[in-house]
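Shown next, in structure tokens, is the structure this report addresses.
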Amino acid sequence: MILEALIAVAFASALVVMLSPNEWAGRLAFALSLLPFVGSLYLWSGFDGSGNALTGGDIAYQTQIEWLEVGGRSVSWFVGLDGISLPLVVLTTFLVPLAILSAWTPIDSRQSQFYGLMLFMEANLLGVFTALDFFLWFVFWEAVLVPMYFLIGVWGGPRRKYAAIKFFVYTNAASLLMFIGFMSLTFALGDSVSSFALPEITGAIADGGLGTWFGISPDRIAMVAFLAMFLGFAVKVPIVPFHTWLPDAHVEAPTPVSVLLAGVLLKMGTYALLRFNFTMLPDQASALAIPIAAIAVISVIYGAMLALAQKDLKRIVAYSSVSSMGYVILGLIVFTEYGVGGATFQMVAHGLISGLMFMAVGVVYNATHTRMVGDMAGMADRMPVTVGILVAGAFGYMGLPLMAGFAGEFFIFVGSFAAPALPYAPVFTALAMFGIVIVAGYLLSAMQSTLFGPFELATDYEIGPAPFHDVAPLAVLLAAIIVLGVAPDIFFEMIRDAALPVVEGVSVNG
Amino acid sequence: MIDVFSYVPAIVLLPFFSFLIALGAGKHLPKGGAFGGITATAGSFLLSLWVLATVAGGDAANRTLYTWASAGGIGPTDVELSFGILVDPLSALMLVIVTLVALLVHVFSLGYMNDEGETGLPRYYAGLGLFTASMLGFVVADNLLMAFMFFELVGLCSYLLIGFHFREPGPPSAAKKAFLVTRFGDYFFLIGVVAVIGTFGTAQFAGPESFPALADAALNGSGSVAWTPGGLDLMTWFTVVGLLVLGGVVGKSAQFPLHTWLPDAMEGPTPVSALIHAATMVAAGVYLVARMYGFYALTPTTLAVIAFIGGFTALFAATMGLVKDELKQVLAYSTISQYGYMMLALGAGGYVAAVFHLTTHAFFKALLFLGAGAVIIAMHHNEDMWDMGGLKSKMPVTYYTFLAGSLALAGIFPFAGFWSKDEILYEALVHAPGEPLLFGGYLMGLLAVPVTAFYTFRMVFLTFHGEPRSDTARDPEPVRWNVKGPLTVLGTLAVVTGFINMVPVQKVLGLEGIDLLHLWLDNHWGGIEGLSSHHYGDIGPYSSEYIVGGEVATVLVGAAVSLGLALTGLLVAWRLYNVPSPTEHTAKLGGIKDVLYNNYYLDELQVWLAYRTEDVAGGADTFDQGIIDGVVNGVSSVSLIGGDRVRQLQNGVVSQYAALLTLGLVALIVVLGVTGGWFL
């Protein structure tokens, strides 16, 4: 019942904050958002799951209650955690309070609604990472879009309407495609399943339960479903060429929203890819290994090249997310323990590091009111602590060892270089690895021109150090990144335990 | 019996704590945290001496201490990634060198930074501490992954320290270049690490299950490897892997063509230059090759490439040193050149010679940089040698120690550099017959000898001899004990370090036991099986041939030739520059001077490459905005014909949006129900 409590507390907090006066909504929201974080730490400490939730492993904190019936199949409230979902739950509950803190300075209107929506989003994100019934999961999945839409569309920058609509329509259309793909799969399973429970469906597919449906062969249905779901999730991740909504959304979104967008929302896409495409239909994935690895590599290199061309600090970080997500896709497609595990680890690591980068850029922006590379120089002189952490975060992004990003990327590279499931694995890996050079190129260049050199700012007013509540979350995030980089096994071990059945699911590794 | 090896982590951690203290509390500490750094490095130095003594007593350690990522599958095999320590004669020696130089640099910094009224001292001492700690972690690493990780941290620290004066435009740019160019090399290194782990399932340096041992066994048929990429035979694949790792070495040890960052790195404070060039970052590359020499020795092609790159870099960098006007620039190019010699030695099978030169160079180059620092203090931070002159009488301690370092650098008997450089050339010579790449490397190394002597003494004469050529040179600022002390220690070492390995004397006179370093690295007093110079000689491809008479004759002729060449260079410099008012003789070189002065325009080439990359990025951006996003927006405008109405739906009013969502869900369920046969 702890999981339910976690989600319920987040929903209730959202409601309470929504009804509270603007003046103290921020502080109230921060205090309330600590509850789910403490709860998730409790979940972590008592975690006793093993194996993968979808392939018959022991699910921790499981609840399954019949709810209603759709199309002859039962829908249930079915939640639980395994080694893949727990780290993401912890990541979510950890990032939300920090994101709320980072909102105190920039958000100066309709605060109660803003913080209420942030908490509402958290509740739904927790739902996405814990739900094990397709319908339940889909409700949460779609419901995440609502607060996101408003958070960008109301509190965003000058082109917020455009960005919000683009984000909403694009990802929603993709969801529809994914929904159709998944439904065709469940109906092709016919009588071999009686519910929308994901473990049951996964098991039925693995046991060859797919039948001919409207004269279409099982193999073809599986492949079509795979492609539909892959495209659907690819938008969310995002994978090139479905990424163009992301920079627009990031540039318009206020800092705390960017933190959650990059930190958690993108991981919905990779998480869903792992759960649906790679766990349920491993052989289809494996058959498409070369094209998927190719778009992973393209995402890495192309995303990094785009970041190199940007002049807006936030756009730089946004495009580099595209690049980082490419690594995740590479890790997933190679079907090795370190590859799939590393991909999952990278989700957490990137969540922390991109969160830190957006937050730090936001703190600088609070002071300068510009994010353009040419508009400022020598910021290190005026905001030494913020810039110090920003530099540390940037090195984390570049994959500096003993920080979380290196661990994630290195696990992926080690897992993919010799992977039997991917032809030409060494070539794909080596190409993707070149991303570590380009990322250093654009981040170092951006830092050199904005943070160092003689101080200069297009507008002329006094700039001092940022307030404590702006800097504190940066420091906390940096600490978490280093802890995870020095001791990755605190998550990586449970992640690999849950990843192993996925790896064994593909017949190449049989 | 106290187990000294359990204190090895403390050697690494002490400077790390000084980093934390300086960073956290440096503002409130006297001297900006300098004393913490001095105490920490002194502690590390003493512990290292203890370790050295213990190793001399026959002990060694190869221990895994911490599991970074526990065992899991990577496809062909399972791996466990861990940290540990490998203490053998090589790493024990290196520990002493690094901690000693770091300690002296810390002390010197009191004079160079504190006394000169620099700001940001806590940041400076934090950087020094982290730099030292990272290098020490690299030195004791027991596996290639750990080595890579600390190698990268060394890169970070160089970035932080080269860019120390971040308020000026130059240093941040130099820092970026240093990190980026070495990162380019590290890219290949990282592929190499991943390839080693994929191929062998381990990255350990030592022991029967280490990757050099497994590679050896696989090549001679008594073992096998976990994986090779399709179709490649073992020798080819090992050569590829060796060359990949070499990428990192070429970057960090500033070998051609990735040497361009190093002269720019002179933007950093001078003590940092001493640390980077003598004992840490640049040394890291060569040390890595020595550390995994059991792997490199297996692949003749890799060795030949290493030798050729080394020989070429030695000559190439020396020519650029001929025409520089700034004191530190000359030293920068000499560093590149000297590490070229070490690479030549490693490629030529001269493992001991390389470590020998690494050792002597660490002392005399640290000495030269600190001496240059003293001159820079005296000259009020003017580094142009044409403004100096006549400093000899005004700063005798600096002069005589600098002179000792210069004699060592030039390879003049009996200073330290003579012995080590001579042994390198000897090793290259006797192994060169039948190896064209190696022979080429040898010739270039030999040619670089007179060039080195010439630029070294051009520097000495211009700086210290003749008449003062500026007001500051007439009245230089005095330096204190904290400058003279380290100079004296290093000056002594530059004279005597050569005596630890008097191989020519041993060979000519037949005196056994005076080639201490040879015995030391051959596990004479103990060490780890498989990590000895004998073992490397056995598995290596080379056999010795004496083209002039026997061994003794070759030793004598080789030494005479290299000493003769060095003296020639020195005498030419004497003739041209040891005059009251020297002129710029290099100007007579005309166009050649411009080419040399501009470093063969390689920096321009790299800048050009960087700009072209940015052009490609710009093109990608245009493509992305125009085509990909254009299609997205195009699709949406087509589907949003009558967009006004739709926009009304999406105008931010919650209730309307909720209605839309509900409608959509209902529609979905209806579709679902129909297709699922719900209504039938």
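Readers should treat all values here as calculations from the given coordinates under stated rules, not as data from a laboratory. Everything quoted here is computed from the prediction, not taken from an experiment. Don't worry about glycine lacking a Cβ; one is built from the backbone with ideal geometry, like all the others, and counts go over all protein chains shown.
Data overview
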{"read-out": "Estimated 222 nm signal from helices in chain B, with DSSP H stretches of n ≥ 4 weighted -39500 (n - 2.57), rounded to 500", "value": "-22000 deg cm²/dmol"}
{"read-out": "Under the span-like rule (Cα at least 27 Å along the axis, Kyte-Doolittle mean at least -1.0), DSSP H helices of chain B", "value": "B:34-56, B:89-109, B:121-140, B:170-200, B:234-252, B:300-321, B:327-347, B:351-378, B:436-464, B:551-577, B:602-623, B:654-675"}
{"read-out": "D (Stokes-Einstein, µm²/s), Kirkwood Cα radius, the stretch B:466-613, 1.002 mPa s at 20 °C", "value": "99 µm²/s"}
{"read-out": "Span from the the stretch B:312-341 Cα centroid across to the the stretch A:30-82 one, whole angstrom", "value": "64 Å"}
{"read-out": "Cubic angstrom per residue, convex hull over Cα atoms of the stretch B:511-592", "value": "234 Å³"}
{"read-out": "Among B:Ala215, B:Ala25, A:Thr344 - extreme Cα towards positive end, dipole of the protein assembly as shown, charges at beta-carbon", "value": "B:Ala25"}
{"read-out": "Cα pair distances of the stretch A:222-374 binned at 5 Å [whole percent]", "value": "2, 10, 20, 23, 18, 12, 8, 4, 2, 1, 0"}
{"read-out": "Alpha-carbon radius of gyration plus Dmax, which is the widest Cα pair, for the stretch A:22-117 in Å", "value": "17.7, 52"}
{"read-out": "Extreme residue, positive dipole direction of the protein assembly as shown, given options A:Gly211, B:Gly550, A:Ala392 (C-beta unit charges)", "value": "A:Ala392"}
{"read-out": "MRE, 222 nm, helices only [DSSP H, n ≥ 4, -39500 (n - 2.57), over chain A, to nearest 500]", "value": "-22500 deg cm²/dmol"}
{"read-out": "Kirkwood hydrodynamic radius of the protein assembly as shown, from inverse mean 1/r over distinct Cα pairs, in Å", "value": "31.7 Å"}
{"read-out": "Local net charge near B:Tyr159, Cβ-Cβ under 14 Å (Lys/Arg +1, Asp/Glu -1)", "value": "+1"}
{"read-out": "Added length on full extension, which subtracts the Cα-Cα distance from 0.36 nm per residue, B:Ala25 to B:Leu589", "value": "197.6 nm"}
{"read-out": "Cα-Cα separations in the stretch A:171-259 greater than 16 Å, expressed as whole percent", "value": "60 percent"}
{"read-out": "Net lengthening on full extension, B:Arg612/B:Thr77 (0.36 nm per residue, minus Cα-Cα)", "value": "188.5 nm"}
{"read-out": "Total formal charge among the other residues, if their Cβ is under 11 angstrom from that of B:Leu521, Lys/Arg +1 and Asp/Glu -1", "value": "-3"}
{"read-out": "Packing-based exposure ordering (other Cβ within 10 Å, fewest first) of B:Thr360, A:Thr63, A:Thr270", "value": "A:Thr63, A:Thr270, B:Thr360"}
{"read-out": "Translational D in µm²/s for the stretch A:387-510 (Stokes-Einstein at 4 °C, 1.567 mPa s, Kirkwood Rh from C-alpha pairs)", "value": "74 µm²/s"}
{"read-out": "Gap separating the Cα centres of the stretch B:25-100 and the stretch B:397-432, nearest whole Å", "value": "30 Å"}
{"read-out": "Acute angle (nearest 10 degrees) that the helix A:145-155 long axis makes with the longest principal axis of chain A, alpha-carbon atoms", "value": "10 degrees"}
{"read-out": "Cβ-derived FRET efficiency at R0 60 Å, A:Glu456 paired with A:Leu231, nearest 0.05", "value": "0.85"}
{"read-out": "Shape box of the stretch B:126-167 [Cα atoms, principal axes, largest first, Å]", "value": "39, 15, 9"}
{"read-out": "Efficiency of FRET between B:Leu447 and B:Trp481 - r from beta-carbon atoms, R0 30 angstrom, step 0.05", "value": "0.10"}
{"read-out": "Ordering of B:376-385, B:314-323 by burial proxy (mean other Cβ atoms within 10 Å per residue, highest first)", "value": "B:314-323, B:376-385"}
{"read-out": "Global geometry of the stretch B:290-359, whether rounded, prolate or oblate, following the gyration tensor of its Cα atoms and the 1.5 cut on a/c", "value": "prolate"}
{"read-out": "At R0 = 25 Å, FRET efficiency that the Cβ-Cβ distance of A:Tyr42 and B:Thr67 yields, to 0.05", "value": "0.40"}
{"read-out": "In Å, descending, principal axis extents of the Cα set of chain A", "value": "71, 53, 41"}
{"read-out": "Under 15 Å from the A:Ser507 label point (7 Å along Cα→beta-carbon), backbone N, the stretch A:213-249", "value": "A:218-223"}
{"read-out": "Rg ratio (alpha-carbon, reference 2.2 N^0.38 Å) - the stretch A:104-196", "value": "1.35"}
{"read-out": "Summed residue charge, Cβ within 11 Å of B:Tyr124's Cβ, Lys/Arg positive, Asp/Glu negative", "value": "+1"}
{"read-out": "Principal axis dimensions, largest first and in whole angstrom, of the stretch B:58-132 by Cα", "value": "58, 34, 17"}
{"read-out": "Percent breakdown of C-alpha pair distances by 10 Å bin, ordered from the shortest bin, for chain B", "value": "3, 15, 24, 24, 15, 8, 5, 4, 2, 1, 0, 0"}
{"read-out": "Charge dipole magnitude, Cβ of K and R +1, D and E -1 - the stretch A:132-270, Cα centre, debye nearest 20", "value": "660 debye"}
{"read-out": "Dipole of the protein assembly as shown [Lys/Arg +1, Asp/Glu -1 at C-beta], most positive-end residue of B:Ala354, B:Ala274, A:Phe187", "value": "B:Ala274"}
{"read-out": "Residues of type lysines that B:Lys593 reaches as a straight line, Cα spacing below 29 Å, ignoring anything fewer than 8 places off in the same chain", "value": "B:Lys176, B:Lys177, B:Lys252, B:Lys324, B:Lys328, B:Lys365, B:Lys392, B:Lys421"}
{"read-out": "Kirkwood Rh in Å, taken over the stretch A:312-462 so that all alpha-carbon pairs contribute", "value": "16.1 Å"}
{"read-out": "Rg(Cα) / (2.2 N^0.38 Å) computed for the stretch B:416-468, rounded to two decimals", "value": "1.53"}
{"read-out": "Compactness of the stretch B:34-190 - radius of gyration and Dmax, Cα, Å", "value": "18.0, 59"}
{"read-out": "Reciprocal of mean inverse Cα separation for the stretch B:252-331 (Kirkwood radius, Å)", "value": "13.9 Å"}
